[in-house]
C-alpha cells in the first residue's frame, strides 16, 4: 500500500510551533475569509476551529490529494482481523503499559474527541500525566487554572482540543508541555526536535519513575521505526532514552476523508458504528500492510453522520444540541462562541483569550446548525462580519 506523503509533518514543523505569543490573535475567522486568505493546509486547520468540518476535510485533500493503492494480498491480509471496541481494548491494554501515545491529524477534531473518551478509563488505571504537543511551556498556570486559554498552545484554540485539555484537568491529570524550546537553524533541526521532545517526556519519569503517561502528538511523531531526516521520531527516541516501549496508536490512517475517492482502502472495507481496532485469532493487532512496523495499532473512527448540521460525534460525551438561531439579533453571517460561564468570570472584558467550548458559523437566517454543549451555564458571544457583537447567557439542561 502506498505510504502517505511525509510533507504534512515537515510543514507543521517549519510553520507551526515556532510562532510566539503574538500568534494568538484573531484566530477565529469567517469561512469565506479563511478560504480567500489561507493556503489549503492552513485553511483546513482554521476551518476546523469554527466547526466547518466538511470544508476542512476538502481543503486538506486539496493540499495532499493522496490516493491509496492496495493489492489483493493487502485485502486478504486485512480480512484475517476482526473488530473489537477500541476504547475498551485500549483501557484494558493500559493495565500493562506505562506510556501510551496517540497521534492526530491537525485538521481533525474527531481524533481529539477519541483521546478525550479514553481519559477517565486511563485515569482509573493509574495514568496521571498527559503530555500534548500543543501545550506551550509559557503557560505556567495551566494546571492551577484548570482550563486552557489561547496562550496554552498553538492548536488548543480548536474547541475539541481545548476540551481534551479541560477534561484531563477536571479528571485530575497533570498536563505538561513536551515540545522543544531549543531551536536550531540548520539541517539537524527536525532531528533535534524529536530528540528534545523525547527528553522532555523523560523528565516526567525522572521525577516519578513509575509514572503512567498518555501522550497526544501529531502525525509521524508516533513512529517507532527509523525515518528519513529524523532518523528516529519522538516515539522511537523515547524508547531509546528510557528503555520503555510505548503502546503507539495511529488515528489518522483509518479516518474518513472529504470523499470516498480519498479514503484509505482499509477504511472502505469497514462499516462500523463505533471506534474499533482489529485483532486476529493469534492476538496480533492490525497496524497496516503486513510488513509495516511503524506503530502498534491503527484505530478506526466511523464515518460521520450529520445531525442538526453537525457531525454526529460532536454530541458524544453527554453533549446535547442547542439551537440559538432565534436569539440572533445581528447580521449574518455570524460566528457563535459558547464559553463556559465559570471560565468567563475573570475574563469578562476579554473573551478572546478564552477557548470556546464550541463554535459555529451561521451563514444566514435559514442556517440551523446547533451548538454542542454539555449541561451547564454559558456565555454566548455572537460576532458578525462587520465586528458587531451580541452577548447573552444560556443554561443548557
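Distance in nm between label sites at residue 174 and residue 330, each 7 Å beyond Cα in the beta-carbon direction?
Inter-label distance under the simple model: 4.2 nm.
Quick one: the Cα spread of the chain along its three principal axes, in angstroms, biggest first?
In descending order, the Cα extents are 60, 48, 43 Å.
If a/c stays under 1.5 just call it rounded; otherwise compare a/b with b/c (prolate if a/b is bigger, oblate if not). Do that for region 249-316, with a ≥ b ≥ c from the square roots of the Cα gyration tensor eigenvalues.
Here region 249-316 falls in the prolate category.
With springs connecting C-alpha atoms under 10 Å apart, model the chain as a Gaussian network and identify which of 217, 59, 322 has the largest mean-square fluctuation.
Comparing 217, 59, 322 in the GNM, the peak value goes to 322.
Taking springs between alpha-carbon atoms closer than 10 angstrom, which of 156, 242, 115 fluctuates most in the Gaussian network model of the chain?
The residue with the greatest mean-square fluctuation here is 242.
How far is it, in nm, from the label point at residue 386 to the one at residue 96 when both lie 7 Å from their Cα along the line to the Cβ?
Between residue 386 and residue 96, the label points sit 6.5 nm apart.
How far, in degrees from 0 to 90, does helix 40-49 lean away from the longest principal axis of the Cα atoms of the chain, to the nearest 10?
That helix lies at roughly 60 degrees to the long axis.
Between residue 271 and residue 245, what length comes free when the chain is fully extended (0.36 nm per residue of separation minus the Cα-Cα distance, one decimal in nm)?
Stretched fully, the residue 271-residue 245 segment lengthens by 6.2 nm.
By how many degrees, 0 to 90 and rounded to 10, does the Cα axis of helix 109-124 deviate from the longest principal axis of the chain?
70 degrees
For helix 159-171, report the angle its Cα long axis makes with the longest principal axis of the Cα atoms of the chain; keep it between 0 and 90° and round to the nearest 10°.
The helix 159-171 is inclined about 80 degrees to the chain.
Fewest to most neighbouring Cβ within 10 Å: what's the order for 221, 111?
The fewest-first ordering by Cβ neighbours comes to 111, 221.
Of the residues 34, 101, 360, which exhibits the maximal mean-square fluctuation in a Gaussian network model of the chain defined by a 10 Å Cα contact cut-off?
Sorting by GNM fluctuation, first place goes to 34.
Between residue 374 and residue 151, what's the calculated FRET efficiency when r is the beta-carbon distance and R0 is 25 Å? Round to 0.05.
Calculated transfer efficiency: 0.55.
First measure r as the distance between the Cβ atoms of residue 202 and residue 316, then evaluate 1/(1 + (r/R0)^6) with R0 = 35 Å and state the FRET efficiency to the nearest 0.05.
Plugging the Cβ-Cβ distance into 1/(1 + (r/R0)^6) gives 0.55.
Using only alpha carbon positions, build the gyration tensor of region 27-122, then give the equivalent ellipsoid semi-axes as the square roots of 5 times its eigenvalues, largest first, whole angstrom.
Output for region 27-122: semi-axes of 32, 22, 10 Å.
Just to verify a number: FRET efficiency for residue 231 and residue 342, C-beta to C-beta distance, R0 = 56 Å, to 0.05?
Computed FRET efficiency for residue 231 and residue 342: 0.75.
Modelling each spin label as a point 7 Å along the Cα-to-Cβ direction, I'd like the residue 32/residue 192 distance in nm, to one decimal.
In this crude label model, residue 32 to residue 192 measures out at 4.5 nm.
Sorting 260, 267 on the 10 Å Cβ count, fewest up front, what's the list?
With the fewest neighbours first, 260, 267 line up as 260, 267.
Exposure proxy check: 82, 107, 257 ranked by fewest other beta carbons within 10 Å?
Final ranking by Cβ density, sparse to dense: 82, 257, 107.
Read the figures in this text as sums done on the coordinates, not as results from a lab. Since we're looking at a predicted model, the values are computed, not measured. Virtual Cβ from ideal backbone geometry, glycine too; neighbours counted across all protein chains shown.
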